[in-house]
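In what follows, a single structure is set out as structure tokens and then discussed.
Rule-based calculations on the coordinates, nothing more; no lab input. No experiment lies behind these values; they were computed from the predicted model shown. We place every Cβ from the backbone using ideal geometry, glycine too, and count neighbours over all the protein chains shown.
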Amino acid sequence: MKTAVVLGSLHDIPLGEGRSYAVDGQMIAVFRLRDGSLRAVDAVCPHQGGPLADGQIDNKVVVCPLHLFAWDLATGCSQSGQPPLTVYPVRADGDQIILGE
């Protein structure tokens, strides 16, 4: 991702949930952790295409809702032997979610 992209309002994602966004032809899942921090990873599970934004999260991992495989939200590394996810830089700027540098 070459430039920063405004995805929308921070309030579009309740604490402890995720949402998917289409950015430059890719689906990216953005999570708003219970501590208020944001994480962004590939939105599609590499196993069988599950919707990761619908998965369960805590402050460290996302669990795919289809087969319960887990990934570290900070590194994208699988905790269950699956391929890694791409991790994207994401931040809040006031009320806006900004993806990218």
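Screening the stretch 1-66 for strands (runs of 3 or more DSSP E) wholly inside it with 2 or more residues that are of a type outside the set (V, I, T) returns the ranges 5-9, 17-23, 26-32, 38-42.
In the stretch 17-31, the qualifying residues are those that are over 9 Å from I97 (Cβ atoms) and among the β-branched types (V, I, T), and the one that is nearest to the chain's Cα centre (by Cα) is I28.
Yes or no: P84 part of a loop (DSSP other than H, G, I, E, B), in contact with a Ser or Thr (Cβ under 7 Å, 6 or more places away or on another chain) and surrounded by 14 or more Cβ atoms within 10 Å (Cβ to Cβ)? For P84, the condition - part of a loop (DSSP other than H, G, I, E, B), in contact with a Ser or Thr (Cβ under 7 Å, 6 or more places away or on another chain) and surrounded by 14 or more Cβ atoms within 10 Å (Cβ to Cβ) - is met.
For every residue, the table says whether it meets (1) at positive phi; (2) under 12 Å from the mean Cα position of the chain (by Cα).
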{"site": "D12", "(1), (2)": "no, no"}
{"site": "L15", "(1), (2)": "no, no"}
{"site": "L33", "(1), (2)": "no, yes"}
{"site": "D42", "(1), (2)": "no, yes"}
{"site": "L68", "(1), (2)": "yes, no"}
{"site": "G81", "(1), (2)": "yes, no"}
{"site": "V90", "(1), (2)": "no, yes"}
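Within this structure, V61 passes the test of being β-branched (V, I, T), within 15 Å of L85 (Cα to Cα), out of contact with any Lys or Arg (no Cβ under 9 Å at 6 or more places or on another chain) and surrounded by 14 or more Cβ atoms within 10 Å (Cβ to Cβ).
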